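See below for the structure under consideration.
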Amino acid sequence: SLDGGILYPRETPTRELKELSGIWSFRADKSPQRDKGFQEQWYKRPLSETGPVIDMPVPASYNDITQDISLRDFIGWVWYEKEIWLPSRWEEKTASSRVMLRVGSAHYFSVIWVNGIQVMEHEGGHLPFETEISNILKDSAGSLCRITIAVNNTLTLHTLPPGTIQFMEDGTRYPKGYFVQNIEFDFFNYAGIHRPVVLYTTPGIYIDDITVITDTDGNTGIINYVVSVVGSESYSVSVTLRDRQGQVAAHGVETSGHLVVPDAKLWWPYLMHEDPGYLYSLEVMILAKNGNGSVEDIYVLPVGIRTVHISGDQFLINGKPFYFHGVNKHEDYDVRGKGLDWSLIVKDFNLLKWLGANSFRTSHYPYAEEIMDLCDKYGIVVIDECPGVGIKYAESFGNQSLNHHLTVMEELVRRDKNRPSVVMWSVANEPASQLPAAGYYFKTVIGYTKQLDPTRPVTYVSNANYEHDQGAPYVDVICVNSYFSWYHDAGHLEVIQLQLNNQFDLWYEKYQKPMIQSEYGADTIPGFHSDPPLMFTEEYQRIVLENYHAVFDQKKFVIGELIWNFADFMTAQSVTRVVGNKKGIFTRQRQPKSSAYILRDRYLKLANST
Ligand code: GCB
């Protein structure tokens, strides 16, 4: 299991932060075996000395930055490099404190060197990783510090998500070395350094992790907390909970315990309360035990007090039934691909609020911590999905894949465990859950996730037949995707209600668990119109939505609906994708299609009726 915590790097009086966003040097290793960079040890010298480099923004996917199709579709190792000066006070500090190098995410497999020395490797494209680099910096004090990051986006049957590369050997049809990448998930496999790379410092005696689990008792809030401290056996702890005004709401002096907050302001979802997303701050201080009790380390964690329970067919937040009326999203936009972009992030939250959405699922991988922070702050409820998407082949249900999946769940829970917005984990999307091996696989992944976090329900999203799905016995909520009148019975809007009624009733009869329609929708080219409605027109999308809604409203055990998708997004090229998936209710540039207004009316009404 994982070594230590991965607190989001925040500046405090004892911690400094240096963002390395901006232009990095970049080269794709286009050698036939994609291994020249390792053969020639490109990390040993400045990248520009071993070949041509281009400028590459970080964070961003590299795919759409240039006019070069071979870079857009590149598979293999790409090399990034940045040279930076460290503040000299950091160099002085390294004697007694730590300098950490942290990557928010890089897709998919990364190797990192500092001044030519390898400092870490990480597998997985959507979660942060970090390591201490103080020792290396000590040896090169006063000189430029060179950070080299090699990233490989190759997917195999054992990566999450899985994929395969197939080499075409028929010389009469394919040029030498031609290959195709097969993926069973429906979004472009953007690659590169997608989230910020930062350097930050902590003292030598430092807060390594904090875990909070909140509860309520009438009007009283309870915060069960555990602080883990590394670097000393002898220290004392001060834990102060402050409200939004900065007033002390509770105080503790143990490394673990519970804080009692009389008349607590609870964390409520958006539109369920006039003041949603209420966050306290938990100020954790480590004090030297000997001498003057000086402050060793401070970390401040936002904390929302709320509870999540499932009772019968209801999903309860703070004891009140919660209905998910929201969206599925992607991290996806023009030019930057999956790279973190503040303007886009804030725009999307403004659109979510305009829409009256109270929730989203992080389809189909964990989103940036910067996005999750705003969910906490605004009260947007999250179904936090891991990158278990496109698990379709028997081989991907074997032990190697299973073990990696467990590690990914550890990384995800470790990162997001303290977030009030996260109310449920999703361990996969549309796996081949009818395969015999899927039973043991999901029993294990779900059981392990519950062991990591006993406080939140766990699900995965199924599109298997209710009779044959092997994982459903282990989930708390049944999430199903369906595309009636689209992938089946194309053009036949009149089948939707009949088939959807059936879908819900059959699943519910078998499992008696609350259900969420975790996807439904229709591709729509903005500006295409037709009456009577035909596929791909704005009218058709609207009528698909209305038919689904009519059925949702009749099912008491349906606890949520998430449209596919919030916005159009890029996919691999195929005959069914017109420059990407067009099921957005907003275009990729975030302009509304007419369905957005239908959904807005509905969501605002739903908000008022609960
Ligand atoms: C699905 C997938 C999603 C696709 C969507 C579609 O069921 O979960 O990733 O994009 O259908 O539009 O086909």
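The values are calculated or read from the model by the stated rules, or taken from the named source; none is laboratory data. What you see is a predicted model, and the numbers here were worked out from it, not measured in a lab. Note that we place each Cβ from the backbone using ideal geometry, even for glycine, and neighbour counts take in every protein chain shown.
Hey, can you tell me all the residues within region 7-33 that are farther than 11 Å from W79 by Cα and aromatic (F, W, Y)?
Y8
If only one of G390, G379 is buried (at least 24 other Cβ atoms within 10 Å of the Cβ) and either touching a helix residue (DSSP H, G or I) at 6+ places or on another chain (Cβ under 7 Å) or closer than 30 Å to Q67 by Cβ (or both), which one is it?
Working: G379 fails: either touching a helix residue (DSSP H, G or I) at 6+ places or on another chain (Cβ under 7 Å) or closer than 30 Å to Q67 by Cβ (or both).
One residue alone meets the criteria, G390.
Identify all residues within region 379-405 that are of a type outside the set (G, A, S) and more than 16 Å from the chain's Cα centre (by Cα); write none if there are none.
Answer for region 379-405, where residues must be of a type outside the set (G, A, S) and more than 16 Å from the chain's Cα centre (by Cα): I391, K392, Y393, E395, F397, N399, Q400, L402, N403, H404.
Could you list, in sequence order, the residues of region 276-297 that are in a strand (DSSP E or B), farther than 21 Å from L266 by Cα and among the small types (G, A, S)? Break it down into steps so the answer makes sense when it comes.
Start the filter on region 276-297 by keeping residues that are in a strand (DSSP E or B), which leaves 280-288, 295-297.
Of the ones still in play, those that are also farther than 21 Å from L266 by Cα are 285-288, 295-297.
Passing the criteria: only A288.
Only residues that are surrounded by fewer than 17 Cβ atoms within 10 Å (Cβ to Cβ) and closer than 19 Å to I516 by Cβ: list them for region 315-333, please.
Within region 315-333, L316, K320, P321 qualify.
State whether one or more residues within region 475-491 are modelled with pLDDT of 95 or more, away from the ligand (no atom under 16 Å from the Cβ) and touching a Gly at 6+ places or on another chain (Cβ under 8 Å).
Taking every residue of region 475-491 in turn, none turns out to be modelled with pLDDT of 95 or more, away from the ligand (no atom under 16 Å from the Cβ) and touching a Gly at 6+ places or on another chain (Cβ under 8 Å).
Could you check region 68-97 and list, in sequence order, the residues that are under 28 Å from Y367 (Cβ atoms) and basic (K, R)?
Within region 68-97, R72, K82 qualify.
Which of the residues belonging to region 65-115 are among the aromatic types (F, W, Y) and not in a helix (DSSP H, G or I)? Step through it out loud before you land on a result.
Of all residues in region 65-115, those among the aromatic types (F, W, Y) come to 74, 77, 79-80, 85, 90, 108-109, 113.
Once the filter is applied, which keeps residues that are among the aromatic types (F, W, Y) and not in a helix (DSSP H, G or I), region 65-115 yields F74, W77, W79, Y80, W85, Y108, F109, W113.
Scan T172, T201, T220, T211 and give me the residue that is in contact (Cβ under 8 Å) with a residue 40 or more places away in the chain and surrounded by fewer than 16 Cβ atoms within 10 Å (Cβ to Cβ).
After ruling out the rest, the residue left standing is T220.
Only residues that are at pLDDT 95 or above, over 25 Å from the mean Cα position of the chain (by Cα) and in a loop (DSSP other than H, G, I, E, B): list them for region 582-610, please.
Matches in region 582-610: K593 only.
For region 353-438, please list each of the strands (runs of 3 or more DSSP E) lying entirely inside it that holds at least 1 residues being within 16 Å of the ligand (Cβ to nearest atom) and among the β-branched types (V, I, T).
381-385, 422-429
From the list E519, E509, E546, E538, pick out the single residue that is within 16 Å of Y487 (Cα to Cα) and either of a type in the set (D, E, K, R) or away from the ligand (no atom under 15 Å from the Cβ) (or both).
E519
If you check A464, A357, A432, which single one turns out to be farther than 26 Å from S1 by Cβ and in contact with a Ser or Thr (Cβ under 6 Å, 6 or more places away or on another chain)?
Only one candidate passes the filter, namely A464.
Counting only residues that are at positive phi and among the small types (G, A, S), which one in region 290-338 is farthest from the ligand (Cβ to nearest atom)?
Looking at the filtered set, the residue picked out is G291.
Here is a list: S396, S426. Which entry is surrounded by 17 or more Cβ atoms within 10 Å (Cβ to Cβ), more than 18 Å from N481 (Cα to Cα) and of a type in the set (G, A, S)?
S396
If A264 satisfies every condition in (1) crowded, with 18+ Cβ neighbours inside 10 Å; (2) modelled with pLDDT of 95 or more; (3) more than 24 Å from E369 (Cα to Cα); (4) in contact with a Phe, Trp or Tyr (Cβ under 8 Å, 6 or more places away or on another chain) but one, which is the exception?
A264 satisfies all of (1) crowded, with 18+ Cβ neighbours inside 10 Å; (2) modelled with pLDDT of 95 or more; (3) more than 24 Å from E369 (Cα to Cα); (4) in contact with a Phe, Trp or Tyr (Cβ under 8 Å, 6 or more places away or on another chain) except (4).
Would you please name the residue that is nearest to the ligand (Cβ to nearest atom), looking only at residues in region 522-535 that are aliphatic (A, V, I, L, M) and over 25 Å from T362 (Cα atoms)?
Filtering first and then ranking leaves M535.
Taking only region 549-603 into account, find how many residues are under 26 Å from H492 (Cβ atoms), within 15 Å of the ligand (Cβ to nearest atom) and aliphatic (A, V, I, L, M).
Count: 5.
What number of residues within region 537-581 satisfy the criterion of being of a type outside the set (V, I, T) and in a loop (DSSP other than H, G, I, E, B)?
Looking only at that region, the number is 13.
Take the conditions within 22 Å of the chain's Cα centre (by Cα), assigned to a strand (DSSP E or B) and in contact (Cβ under 8 Å) with a residue 24 or more places away in the chain and apply them to Y460. Does it pass?
On the way: within 22 Å of the chain's Cα centre (by Cα): yes; assigned to a strand (DSSP E or B): yes; in contact (Cβ under 8 Å) with a residue 24 or more places away in the chain: yes.
Yes, satisfied.
Just the residues that are of a type outside the set (A, V, I, L, M) and in contact with a helix residue (DSSP H, G or I) (Cβ under 9 Å, 6 or more places away or on another chain), please, taken from region 106-134.
We begin by selecting, within region 106-134, every residue of a type outside the set (A, V, I, L, M); these are 107-110, 113, 115-116, 118, 121-126, 128-132, 134.
Listed by number, the residues that qualify are W113, N115, G116, Q118, E123, G124, H126, P128, F129, S134.
Could you go through region 99-113 and let me know if any residue there is under 21 Å from I207 (Cα atoms) and of a type in the set (S, T, Y).
Scanning region 99-113, I find no residue that is under 21 Å from I207 (Cα atoms) and of a type in the set (S, T, Y), so the answer is no.
When you look at Q118, is it over 25 Å from the mean Cα position of the chain (by Cα) and in a strand (DSSP E or B), yes or no?
Criteria met by Q118.
Going by the conditions given, is I345 more than 16 Å from the ligand (Cβ to nearest atom) and either of a type in the set (K, R) or not in a loop (DSSP other than H, G, I, E, B) (or both)?
Considered against the rule, which asks whether it is more than 16 Å from the ligand (Cβ to nearest atom) and either of a type in the set (K, R) or not in a loop (DSSP other than H, G, I, E, B) (or both), I345 comes out as yes.
State which residue is farthest from the ligand (Cβ to nearest atom) when the search covers only region 196-205 and only residues that are assigned to a loop (DSSP other than H, G, I, E, B) and either closer than 20 Å to S70 by Cβ or of a type outside the set (A, V, I, L, M, F, W, C) (or both). Can you show your working first?
From region 196-205, those assigned to a loop (DSSP other than H, G, I, E, B) are 196, 204-205; that's our starting set.
If we keep only those that are either closer than 20 Å to S70 by Cβ or of a type outside the set (A, V, I, L, M, F, W, C) (or both) too, we end up with 196, 204.
On the way: P196: 26, G204: 46 Å.
Among those that are assigned to a loop (DSSP other than H, G, I, E, B) and either closer than 20 Å to S70 by Cβ or of a type outside the set (A, V, I, L, M, F, W, C) (or both), it is G204.
What is the one condition in (1) in contact with a Gly (Cβ under 9 Å, 6 or more places away or on another chain); (2) among the charged types (D, E, K, R); (3) under 25 Å from L599 (Cα atoms) that D313 does not satisfy?
(1)
Just checking, does region 206-219 include any residue being at positive phi and more than 16 Å from the ligand (Cβ to nearest atom)?
Yes: region 206-219 contains one or more residues that are at positive phi and more than 16 Å from the ligand (Cβ to nearest atom).
So which residues in region 12-63 are among the hydrophobic types (A, V, I, L, M, F, W, C), surrounded by 20 or more Cβ atoms within 10 Å (Cβ to Cβ) and within 28 Å of Y206 (Cβ to Cβ)?
Passing the criteria: only V58.
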